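**Student:** Structure provided below as C-alpha cells; questions to follow.
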C-alpha cells in the first residue's frame, strides 16, 4: 500500500489505532471477562499459552488449545472468541457467527450483537458488499459510508464464460505491481493490481477528473501509517482491460499520488493468475476445475500452495520463516516505497517492531526467506519506519511481502481456498 513519494490508502475500514485497540482488548480485557477471572491456575496457563500462540500466528496450535478449553465444563468465552476469529480469518464467516453464538449467555445479549461487537467492530467487514446488503447499517464507523454506497449502488461484475487474458505493462525484471490499460467513466487510465487495497483507490484530484462523485463526508483512513481523511464514491463504469464493471466503489485520499488501483474486493470475484514472463494476467470464474482448465498451463511443473488468511474486508497475510524466525507478513503488491540511501525496492518490508524483534537494522540486507512449499532463497529485507507495529485480529504482523518477490513467480490467487499457487523455473 505504500509508494515512493506519497502514499495511498486502503479502503476506509480499520485504522492502525483500531488494530491497537483490538490488541489491548484481546490481551487485557479478555482477562476480566467471565470465564477467565474465575478460572483456576491450569485454565489461566492454558489461556496464556493460547494467546501467545495466537499472537505469533501459530493458528493451528492456538485453535487446538482453544478447542481444549472450549470442551472444559466452564466453557470460557475467550476460547469461542479465538475459534470464531480463526474461522473468520480462514474465510468462513458463517462458522464465525455459529461459534460466537455459543458464548455463554449474559456477556453479550443477542447473537446479532455478538457478531457486530466481536467481529465487525474490530475486523471491519470480511465480505463488505454481502454484509452491507444484509444489514441495516454497518457497525464499523469507518466503513459506514462505503457500506451505505454498496447498498444503494450494488456492484455488477462481468460474467465470464471463459478465461480473459490481459496484457500488463511490465516485464519479468519489473519490481513494481503490474498496470493494465483501462477506462473509468470513459477516460483512459492505467490500473494497477494491488493486494493491499480493497475495491478501487485513487486520489481526490483523479476522482474529480474521472467524473467519480465523492461524498462530502470523510472517514479517517490509514495512509501508509498516517491518518488522513478518506472520501468514498462510486465509479459508474470501469473497464479493466476488456472487462466491464459497473458501480465499483472508490476510496479517495487527498494525496498527490497519481496511481489508480483495483484490489482484493475486485480480485476475489475471480480466479486470477499473473504471468510476469509473458506480461499477462488471466481472469476466469472460480470453480472446482477452473485452475486445471485455464490456469495450469501458465505454470511450471512444480507448484507450491501457500495458505493465506484474511482480516477486515481486504487484508491478506501469511506465515513464513525469515532467517530462523517465524514471521507473519501482509501480502501487498502495491508496496513500492524505496529503502536505504540507494532507494532500493525490497522483497520484504518489516515494521519497526518486526525489525527489532528479528534484530535487523540499518540499510536493506539479504536474509533467507522460506514460504510453505518453496525452497528457501535470500531476499532483500528493509525496514518501513512509518509502521511501528501492526496487528490483524491480535496476530502480530511483522512486515509486508511485496511484488518485487512475487514478480519472480507465475502465481495464482485462489480466494475460494485462500491459497496462493506459485511456480518458477
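**Student:** When only residues in segment 314-351 that are under 12 Å from residue 382 (Cβ atoms) and at pLDDT 90 or above count, which is surrounded by the most Cβ atoms within 10 Å (Cβ to Cβ)?
**Tutor:** This residue is 349.
**Student:** Ok, one more. Which one of these is surrounded by fewer than 23 Cβ atoms within 10 Å (Cβ to Cβ), at pLDDT below 85, touching a helix residue (DSSP H, G or I) at 6+ places or on another chain (Cβ under 9 Å) and outside any strand (DSSP E or B): 278, 255? Spell out the reasoning first.
**Tutor:** Numbers: 278 fails: at pLDDT below 85.
None of the other options fit; the residue is 255.
**Student:** Return yes when residue 62 is surrounded by 15 or more Cβ atoms within 10 Å (Cβ to Cβ), at pLDDT 85 or above, farther than 27 Å from residue 389 by Cα and outside the structural domain of residue 391 (by TED's automatic domain parsing) and no when it is not.
**Tutor:** no
**Student:** Would you tally the residues in segment 65-82 being modelled with pLDDT of 90 or more and closer than 25 Å to residue 325 by Cβ?
**Tutor:** Qualifying residue count for the region: 2.
The values are calculated or read from the model by the stated rules, or taken from the named source; none is laboratory data. All values reported here derive from a predicted model rather than from experimental measurement. Using ideal geometry, Cβ is built from the backbone for each residue, glycine included, and neighbour counts are taken over all protein chains shown.
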